[in-house]
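Only one structure is covered here, and it is reproduced in the block below.
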Amino acid sequence: MLILVIIVHEMGHAVAMLVTGRGVRFITLIPFVGGMASPKFPYEDEWQRGFVALMGPSLSLIPTLGLLWLAFSIDSALAARAAFMFAIVNGANLLPLVPLDGGIILDALVRSVHARLSQTIGWIGVGIGLALALYAQSVLIGIVFVFGGLQLTLQASLDTHARRKGLHGYQAPALIAALTLTIFAYWTIIVQTYRSAGFRAELGGPQTFAHQTDRAIAGSRDRARGATRQSLIASIGMAPQVGRRYLALSPLATPRTSELNRTSLSPTNNGITH
């Protein structure tokens with residue numbers, strides 16, 4: 001389900017890139033971080049950049065609202081859980097912290113006024129994100145915001161924003177209004193699905209939820225290790241029996257040795273020799 005949520009989210013970014021004429025270079029999933037859609041051509045202004053960042057969560061509202069309607073119309077716990085997953089992932093992406101979509105939108109708004117202030121706010125957001133990772137004791141959240149710090153460093157060294165035009169006219173108010181409505185919509189969906197599906201006791205606090213996410217990703221790795229360990233133990237346990245059988249059947253074995261090994265392998269003696 002999480003992979004589907006990420007794919008739909010990135011498709012929203014891709015549609016916005018096509019609408020703004022930037023094209024789509026690629027869409028990819030990044031382990032422990034999420035996904036990324038890259039434009040074929042650089043953004044011409046901060047409006048295009050903010051619009052593309054907003055469209056990932058905004059277009060994901062369509063399947064989220066559909067799942068919410070299904071959850072309440074047929075009283076489906078599965079649909080409620082799916083709607084909650086869509087809402088929590090996209091709602092979290094609207095937090096004003098780099099490298100999340102909300103952080104990119106905030107950067108586009110502030111950079112139109114003061115570029116250096118935008119860089120400072122970006123680093124403050126990375127610091128808050130790392131503090132959140134420590135509070136939730138989540139390695140995955142920490143990786144996301146370490147990635148955000150690397151992104152800010154790369155942007156500062158390349159000075160990629162110098163050639164982009166700032167927001168003007170109606171663009172800033174429109175971006176703020178759309179961001180506010182999207183945040184409100186996701187917050188409402190999260191609250192409604194959380195109550196209807198009885199998630200409070202199941203999810204617990206932020207630390208419990210973060211640990212559940214970490215365990216879900218690490219579960220397949222632990223199961224693979226367990227299977228390998230069991231296979232190795234079984235192989236070691238069979239080694240003495242295989243050795244005795246080989247010795248009993250060997251043409252070099254003496255009559256007395258063969259007789260002892262046949263006796264030890266006999267099922268009627270339960271592996272006990274006399």
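Being at pLDDT 90 or above, small (G, A, S) and in contact with a Lys or Arg (Cβ under 6 Å, 6 or more places away or on another chain), is that true of even one residue in segment 68-82? No, every residue in segment 68-82 fails to be at pLDDT 90 or above, small (G, A, S) and in contact with a Lys or Arg (Cβ under 6 Å, 6 or more places away or on another chain).
Is segment 29-43 home to any residue that is in contact with a Pro (Cβ under 7 Å, 6 or more places away or on another chain) and in contact (Cβ under 8 Å) with a residue 40 or more places away in the chain?
Pass one, segment 29-43, residues in contact with a Pro (Cβ under 7 Å, 6 or more places away or on another chain): none.
No, because not a single residue in segment 29-43 is in contact with a Pro (Cβ under 7 Å, 6 or more places away or on another chain) and in contact (Cβ under 8 Å) with a residue 40 or more places away in the chain.
When the residues of segment 17-48 are narrowed to those that are touching a strand residue (DSSP E or B) at 6+ places or on another chain (Cβ under 9 Å) and part of a helix (DSSP H, G or I), which ends up farthest from F147 (Cα to Cα)? Out of the qualifying residues, it is L18. Against the criterion of being part of a loop (DSSP other than H, G, I, E, B) and assigned by TED's automatic domain parsing to the domain that holds L175, L70 does not qualify.
Hey, among V15, V52, which residue is surrounded by fewer than 22 Cβ atoms within 10 Å (Cβ to Cβ) and without any contact (Cβ under 8 Å) to a residue 60 or more places away in the chain? Quick ask: steps written out before the conclusion?
Numbers: V52 fails: surrounded by fewer than 22 Cβ atoms within 10 Å (Cβ to Cβ).
Answer to the check: V15.
Residues that are in the same structural domain as I105 (by TED's automatic domain parsing), of a type in the set (F, W, Y) and modelled with pLDDT under 90: does segment 136-148 have at least one? Looking for residues that are in the same structural domain as I105 (by TED's automatic domain parsing), of a type in the set (F, W, Y) and modelled with pLDDT under 90, one finds at least one in segment 136-148, hence yes. Listed by first and then second residue, the pairs with beta-carbon distance under 7 Å, at least 6 apart or on different chains, first residue in segment 185-199 and closer than 14 Å to L67 by Cα, second among the β-branched types (V, I, T) and at pLDDT 75 or above, are I189/T64; I190/I88.
At least 1 residues being among the hydroxyl-bearing types (S, T, Y) and closer than 23 Å to Y43 by Cα is the threshold, and among the helices (runs of 4 or more DSSP H) wholly inside segment 82-185 those reaching it are 115-136, 139-158.
The values are calculated or read from the model by the stated rules, or taken from the named source; none is laboratory data. Since the structure is predicted, the reported quantities are computational estimates derived from the model, not experimental observations. Note: ideal-geometry Cβ built from the backbone for every residue, glycine included; neighbour counts use all protein chains shown.
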